[in-house]
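J.: Here you go, one structure.
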Amino acid sequence: MQKFKRAPKNLFDKFGKYFPYSTVDVMIRNGQSFLLAKRTIPPYKNKWNFPGGVIFKTEKLYDAAKRIAKEELNLDVKIEAFLGVYENPIPTRHDISHVFIASILRGTMKGDFQSSNLQFFKKPPKDMVPFQRKLLRDARQFLI
């Protein structure tokens, strides 16, 4: 897997005051259930969310989705579909996310420093990141 240069935290945070982040979210499914991670860091600390992250310069979208699944979950995934582009402008951050539906190819599921728990859900938990509820509703419609 290609290594990408990461911005120092102070520059990353400064960038976000002026520009949106281009990100990917990975919706890993197992039948009718989707994998969520309980966040340990802001934004949305202690909320369930889909694994995701920033796309690096020169990184292709599909590659970013696979990298994030590997880094955040220790999983190799098969990208099944592109769900769409979603926007989440909040006061502290503005993400433009490219959302993918994926399935597990191999690996032992294990979270990184960003999550305290990983769990498959058929229904969204009440303490889920609010805008990601729409992703889940759209994914269910897409997969019908």
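The values are calculated or read from the model by the stated rules, or taken from the named source; none is laboratory data. Predicted model only: the values in this text are computed from it and were never measured. Glycine gets a Cβ as well: all are built from the backbone with ideal geometry, and neighbour counts include every protein chain shown.
J.: Within region 51-85, count every residue that is of a type outside the set (A, V, I, L, M), within 23 Å of Arg106 (Cα to Cα) and outside any loop (DSSP other than H, G, I, E, B).
T.: 13
J.: Just to check your reading of the model, which residue among Pro124, Pro89 is over 21 Å from Lys38 (Cβ atoms), touching a residue at least 60 places away in the same chain (Cβ under 8 Å) and either touching a helix residue (DSSP H, G or I) at 6+ places or on another chain (Cβ under 7 Å) or assigned to a strand (DSSP E or B) (or both)?
T.: Pro89
J.: Something else now. Would you check if there is a residue in region 101-113 being modelled with pLDDT of 95 or more, under 30 Å from Phe15 (Cα atoms) and touching a Phe, Trp or Tyr at 6+ places or on another chain (Cβ under 8 Å)?
T.: yes
J.: Next question. Specify the residue that is nearest to Phe100 (Cα to Cα); the eligible residues are those in region 20-50 that are part of a loop (DSSP other than H, G, I, E, B) and in contact (Cβ under 8 Å) with a residue 60 or more places away in the chain.
T.: Among residues in region 20-50 that are part of a loop (DSSP other than H, G, I, E, B) and in contact (Cβ under 8 Å) with a residue 60 or more places away in the chain, the one nearest to Phe100 (Cα to Cα) is Phe50.
J.: Scan region 39-64 for residues that are farther than 16 Å from Asn88 by Cβ and touching a Pro at 6+ places or on another chain (Cβ under 9 Å) and report the count.
T.: Looking only at that region, the number is 0.
J.: Applying the selection to region 2-43, what residues are of a type in the set (Phe, Trp, Tyr) and exposed (fewer than 12 other Cβ atoms within 10 Å of the Cβ)?
T.: Matches in region 2-43: Tyr18, Phe19.
J.: Also, quick follow-up: Mind checking whether some residue in region 5-22 is farther than 16 Å from Asp112 by Cβ and in contact with a Leu (Cβ under 7 Å, 6 or more places away or on another chain)?
T.: No, there is no match, as no residue in region 5-22 is farther than 16 Å from Asp112 by Cβ and in contact with a Leu (Cβ under 7 Å, 6 or more places away or on another chain).
J.: Take region 55-80 and flag every residue that is crowded, with 22+ Cβ neighbours inside 10 Å, in contact with a Phe, Trp or Tyr (Cβ under 8 Å, 6 or more places away or on another chain) and closer than 19 Å to Leu136 by Cα.
T.: Ala65
J.: Within region 90-111, work out how many residues are over 24 Å from Gln141 (Cα atoms) and loosely packed, with under 13 Cβ neighbours inside 10 Å.
T.: Matching residues across region 90-111 total 6.
J.: Follow-up. Could you tell me whether Gly52 is closer than 18 Å to Asp138 by Cβ and exposed (fewer than 14 other Cβ atoms within 10 Å of the Cβ)?
T.: So Gly52 does not fit the description; no.
J.: How many residues does region 52-71 contain that are under 12 Å from Val24 (Cβ atoms) and in contact with a strand residue (DSSP E or B) (Cβ under 7 Å, 6 or more places away or on another chain)?
T.: 11
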